[in-house]
Amino acid sequence: MKKKRPITRREAIFAGLTSAGALLLSGCLKKAPPTYGNILRMGDDLTYVAQRGLLSQRALAMEYQKSDVTSFPVTDIGDPADPAMKAVYSKEYEELQRNNFKDWSLSIEGAIAKPRKYSMDDLKKVGERTQITRHTCEEGWSAIAEWTGVPLGALLKDAGILPAARFVYFFGYDKYTESIDMLDAFHPQTILAHTMNGEDLPARHGAPLRVRVETQVGYKSAKYLRGIVVTEKFVEPDADISTGWSWYTGI
Amino acid sequence: MEQTGHKRWVKGAHFVITLSFLALTVSGFVILMSHPRLYWGKAGNDLTPALFELPISRNYHHGGWIKTTPFKHLSGSQVSAVRTYDIFNENGWGRSTHFLAGWFLIITGVIYFIAGFFSGHFRKNLSPRRGEFSFKLFWQDLVSHFRRQTHYTGKYGLLQKITYLGVIFFLFPVVILTGMTMSPAITASYPFLLKIFFGHQSARTIHFFASVALLLFLLVHVVMVIRSGFKRNLLAITFGKSS
């Protein structure tokens, strides 16, 4: 005589599907960030863990020739110097820009031995790297440009980063926030760029200073920088997370 | 009635891959909608020439760009311009869904590959027999498909075998590898991907055409499943008795 199975395969599949549906539903109903519930976040986390575990963390993104440089669209959230763009406008930024950023400086705080402000001249003394790399936008387009800037790793060392530090947060004058982990922060191609295609960073490409994270898609490369905060814990003020975008975007 | 059911692991893999493929198709279409322009080469964007553009969202042929400024120190004609319109972009959930479904596809696909080789599934059921390698048989099989003659033998026909092998060993590997070629982190570790697919935007275009080919396969597959005995075929791949 055949033993009665406690649960049939058919029942198991239906139970699985309905519970997955219930999880999805609760994810949609949850209003507070992080949005899109836990299921999509699971996939993004798996991508993060897998790419950190399986890929070489020192490998350089492809660097191109000068002849490969392309036109470069500006598709950010708005011009912080334009009072008409209420969501991103900063009076402070507008004044800095009017004075050609002579009074601009970058603050570095958090898990840092000597929190301080760096003027553009201070930054240029820390180090310099030039790279012709591809900007890969999540929308689907890409563009190649030559960037010159300060390697972020060198700057963090110069400021005396503490051993407990785990994440680096970038704050822009356009109220945009991004963060990356230490592996990307100390990646040789992660730079704070002040020069694009041989000229001072053009206004709408993030003047006077922007991040270049070449191992992730474009929206991690925050523009119009005003400050950097190094943290020991992962907090979620990022623009991408609060609006339902994946925090890690190596893919 | 003849025993026709597939092995349990074949059914399971078919189920997961079907669902992942459908999720990948929907999310992939949503992702394409935010930039319905395709290019050939290392990079491409709204300010560079496209191969073609698809009329699938309000972003199609959008002229909302102002302040075209040349880069002063470049010898070429490269410019910068600011976008002035609110684009359609649902990539927040679109991308995350695409990659989550991609994980299901890849993990199941790897299990299917390993099981297919070691169980003899590929050798016994999918590889054409020696006697089948003849142009005449191939022609007959092709003609009978168009004449809508079906004769059920419980085994795959020649055309069917070639199609399945093409999907399993060519289209799926190409679509997965071109997908990975769009990843900045993966191509940093494996730059050969950018070489074999002729650059980031070429990989994206190949990814698109491979997905279209897979969708056409799905269409023909469903039509053939219905025409050659819908109920029997459906049971064989789902809840029917396993062989």
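Are there any helices in chain B, counted as whole DSSP H runs, that stretch 30 Å or more along their axis by Cα and score at least 0.5 on average by Kyte-Doolittle, and if so which? Intermediate values should be presented prior to the final figure.
On the way: long enough: B:8-34 (40 Å, 1.40); B:91-118 (40 Å, 1.03); B:200-227 (40 Å, 1.44).
Passing helices, by number: B:8-34, B:91-118, B:200-227.
Compared with the direct C-alpha span, the chain from B:Thr238 to B:Ile168 gains 23.2 nm at full extension, assuming 0.36 nm per residue.
Straightening the chain between A:Glu63 and A:Lys114 buys 15.0 nm, computed as 0.36 nm per residue apart minus the Cα-Cα spacing. Taking a straight line from the alpha carbon of A:Lys157, these lysines sit under 28 Å away, with near neighbours fewer than eight places off in the same chain left out: A:Lys102, A:Lys114, A:Lys117, A:Lys124, A:Lys125, A:Lys175, A:Lys220, A:Lys223, A:Lys233. Find which of A:Val235, A:Leu162, A:Gly172 sits farthest along the positive direction of the dipole of the stretch A:62-242, computed with +1 on the beta-carbon of Lys and Arg, -1 on that of Asp and Glu, about the Cα centre. So the residue we want is A:Leu162. Amide H contacts of A:Ile161: A:Ala113, each under 5 Å away and 5 or more positions distant or on a separate chain (H built 1.01 Å from N in the peptide plane; Pro and chain starts excluded). Between A:Phe234 and B:Phe217, the distance separating the two model label sites (each 7 Å from Cα on the Cα→Cβ line) works out to 3.5 nm. For the stretch B:33-72, the square roots of the Cα gyration tensor eigenvalues, ordered a ≥ b ≥ c, give a/c of at least 1.5 with a/b no greater than b/c, which places it in the oblate category. Cβ-Cβ distance of B:Ile114 and B:Trp40, R₀ of 60 Å, FRET efficiency by 1/(1 + (r/R0)^6): the value works out to about 0.95. Of B:Leu218, B:Leu126, B:Leu142, which is the most mobile in a GNM of chain B whose springs link Cα atoms less than 10 angstrom apart? Greatest mean-square fluctuation among the candidates belongs to B:Leu142. As a calculated quantity, the FRET efficiency between B:Phe52 and A:Lys157 at R0 = 56 Å, using C-beta atoms, amounts to about 0.70. Only the Cβ atoms of Lys and Arg (+1) and of Asp and Glu (-1) were treated as charged; on that basis the dipole of the stretch A:44-84 about its Cα centre amounts to roughly 340 debye.
Where nothing but the Cβ of Lys and Arg (+1) and of Asp and Glu (-1) is charged, how large is the charge dipole of the protein assembly as shown around its Cα centre, in debye to the nearest 20?
Working: 58 positive and 38 negative charges, 628 e Å.
Charge dipole, the protein assembly as shown, about its Cα centre: 3020 debye, nearest 20.
Using a/c under 1.5 as the rounded threshold, could you call the stretch A:174-218 rounded, prolate or oblate? The axes a ≥ b ≥ c are square roots of the C-alpha gyration tensor eigenvalues, and prolate needs a/b larger than b/c, oblate otherwise. Note, shape of the stretch A:174-218 comes out oblate.
Under the classification rounded if a/c is under 1.5, otherwise prolate if a/b is larger than b/c and oblate if not, where does the stretch A:108-148 fall, given a ≥ b ≥ c as square roots of the Cα gyration tensor eigenvalues? Verdict is oblate for the stretch A:108-148.
So which chymotrypsin sites (Phe, Trp or Tyr not before Pro) in the stretch B:100-177 end up in coil per DSSP with only 10 or fewer other C-beta atoms within 10 Å? Please report the intermediate quantities before stating the final value.
Details: sites: B:Trp103, B:Phe104, B:Tyr112, B:Phe113, B:Phe117, B:Phe118, B:Phe122, B:Phe133, B:Phe135, B:Phe138, B:Trp139, B:Phe146, B:Tyr152, B:Tyr156, B:Tyr164, B:Phe169, B:Phe170; in loops: B:Phe133, B:Tyr152, B:Tyr156.
Hits after loop and neighbour filter: B:Phe133.
Restricting attention to chain B, the count of lysine pairs at 8 or more positions apart or across chains with alpha carbons under 23 Å apart stands at 23.
Taking packing as the residue-averaged number of other Cβ atoms within 10 angstrom, the listed peptides A:52-60, A:106-114 run from highest to lowest as A:106-114, A:52-60.
A P(r) calculated from all alpha carbon pairs of the protein assembly as shown, with 20 Å bins opening at zero, reads 20, 48, 24, 8, 0 percent.
None of the figures in this text is laboratory data; all of them are computed from the coordinates on show. Owing to the predicted nature of the structure, the values given are computational and were not obtained by experimental measurement. A quick note on method: Cβ atoms are made from the backbone with ideal geometry, for glycine too, and the neighbour counts reach across all protein chains shown.
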